[in-house]
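Let me begin by presenting the structure, written as structure tokens, before commenting on it.
Every number in this text was worked out from the coordinates using simple rules, so none of it is lab data. Fair warning: this is a prediction, and the values are worked out from it, not measured in the lab. Cβ atoms come from the backbone with ideal geometry, glycine included; neighbour counts cover every protein chain shown.
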Amino acid sequence: MLQQFFIRCSGADSVILATCSEGEQNKYAGIGATVFFTAVMAFIACSYALFTVFDTIYSSVFFGLLWGLLIFNLDRYIVSTIKKRDSFKSELVQASPRIVLALIIAVVISKPLEMKIFEKEINQVLLEQKNEMTLANKQQLALQYTPAIEKLKQDIAALKSEIITKEAETNALYDIYINEAEGTAGTKLLGKGPVYAEKRVKHDATLAELTQLKATNAEKINGIETQIKVLNDDYAEVVKNSQPVIDGFDGLMARINALKQLPLMPSLFIFLLFLAIETSPIIAKLLAPKGEYDLKLEEEESILQTWIRQKVTQREKLLATDTFLNERIYTEIEEEHEVYAYKKKKTEALLKSQADAFHEIQLKNL
């Protein structure tokens with residue numbers, strides 16, 4: 001029963017193959033088994049590839065099954081349409097388009113399984129890429145906020161510098177009126193005279209201005225720091241919202257590109273393995289000698305072709321004979337005067353009837 005199933009998978013004529021030897025049946029059962037298991041591997045590969053895209057097992061299995069059936073049908077068609085000929089060159093020319101198709105199928109099948117086999121290495125590559133993308137994303141977003149933040153920080157520095165300048169001026173006036181009182185500078189008269197009082201008034205006025213300036217600038221600085229905090233919060237929010245996009249950078253195309261960054265040899269060996277599996281039924285049919293099944297199939301096709309050519313030849317001769325007879329008959333009829341006189345009489349009667357009918361219609365209209 002299993003042998004019959006694999007024979008059907010090979011696309012061979014089971015009726016003809018049943019009349020062949022056991023070895024011939026085993027050969028085509030082996031070809032059919034290769035076709036079947038290739039389709040199974042295509043189903044597994046496609047299901048995994050779609051699972052990485054849709055992240056749902058039911059849809060992945062459903063479309064993977066459709067893909068497996070498609071590959072099974074293609075392989076079965078490829079194997080069943082390769083006919084054994086007396087010339088290996090003609091067989092190779094016949095199989096060359098099918099080998100190209102098998103090459104394409106091998107690529108499609110091998111890539112998803114390569115991604116599954118090297119999943120850990122691919123995840124490491126993707127992690128490095130995500131980290132690089134995160135840093136690049138932060139730097140790119142920072143370009144939108146950094147100029148404004150730096151401008152506000154410069155405003156704060158300017159306000160603080162203004163306070164420092166005013167403090168230096170106030171301290172200088174303080175030193176002047178103290179030195180005047182001590183007699184170490186100015187008039188160099190010890191005691192608190194008129195000049196001391198004048199210097200003291202000027203210092204006190206500057207000190208009041210400094211106090212007012214500190215209060216005013218402190219309020220301005222608080223407002224600017226609030227703006228900086230808002231900008232920093234906006235920047236952090238934008239980075240947070242864009243991070244899920246980077247975290248989701250692990251789709252099918254991303255994994256294929258990550259696979260390309262891994263060493264070539266392991267992937268190449270896996271691809272060659274699937275290429276050998278996919279092309280093995282074709283290569284087997286090309287290398288195998290013409291067997292009992294091929295001879296019987298060729299005989300059946302020859303019988304059918306001979307019968308068709310015979311039918312076509314008979315129809316062509318029948319048509320030629322019928323055409324020749326019709327031409328002779330109509331030629332003889334043209335020469336018969338009795339037929340000519342009879343047809344002339346009927347035509348004259350028809351014309352008279354038409355003239356009478358037209359005359360009656362004209363009379364009614366008067």
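In straight Cα distance, which aspartates and glutamates are under 19 Å from residue 138, not counting same-chain residues fewer than 8 positions off? Reachable aspartates and glutamates: 128, 150, 233, 234, 237, 247.
Net length available on complete extension from residue 323 to residue 124 is 63.4 nm, with 0.36 nm assigned per residue and the Cα-Cα distance removed.
Within the same chain, lysines fewer than 8 places from residue 120 are excluded, and of the rest, those with a Cα less than 24 Å from its Cα are 111, 130, 260. For the chain, adding -39500 (n - 2.57) for each run of n ≥ 4 DSSP H residues and dividing by the number of residues yields -32000 deg cm²/dmol at 222 nm. Gain on full extension, evaluated as 0.36 nm per residue between residue 144 and residue 364 minus their Cα-Cα distance, stands at 69.2 nm. Cα-based radius of gyration for the stretch 1-143, normalised by 2.2 N^0.38 Å, reads 1.51. In degrees between 0 and 90, to the nearest 10, how far off the longest principal axis of the chain does helix 292-334 point, with axes built from Cα atoms? Orientation of helix 292-334: about 60 degrees from the principal axis. Taking Cα atoms only, the orientation of helix 264-287 departs from the longest principal axis of the chain by about 0 degrees.
Would you mind getting me the FRET efficiency between residue 158 and residue 234? Use the beta-carbon distance for r and R0 = 22 Å, nearest 0.05. Intermediate results must be reported in sequence, preceding the final value.
Values: r = 24 Å, r/R0 = 1.08.
Efficiency, rounded to the nearest 0.05: 0.40.
Summed over all non-identical Cα pairs, the Kirkwood treatment of the chain gives a radius of 32.5 Å.
Rounded to the nearest 20 debye, the dipole size of the chain about its Cα centre is 120 debye, using +1 on the Cβ of Lys and Arg and -1 on the Cβ of Asp and Glu.
Of 104, 93, 117, which is farthest towards the positive pole of the stretch 79-153's charge dipole, taken about the Cα centre with +1 and -1 on the beta-carbons of Lys, Arg and Asp, Glu respectively? Toward the positive end, the furthest listed residue is 93. Percent of C-alpha pairs per 10 Å bin in the stretch 206-332, short distances first: 9, 11, 10, 10, 10, 10, 9, 8, 7, 5, 4, 4, 2, 1, 0.
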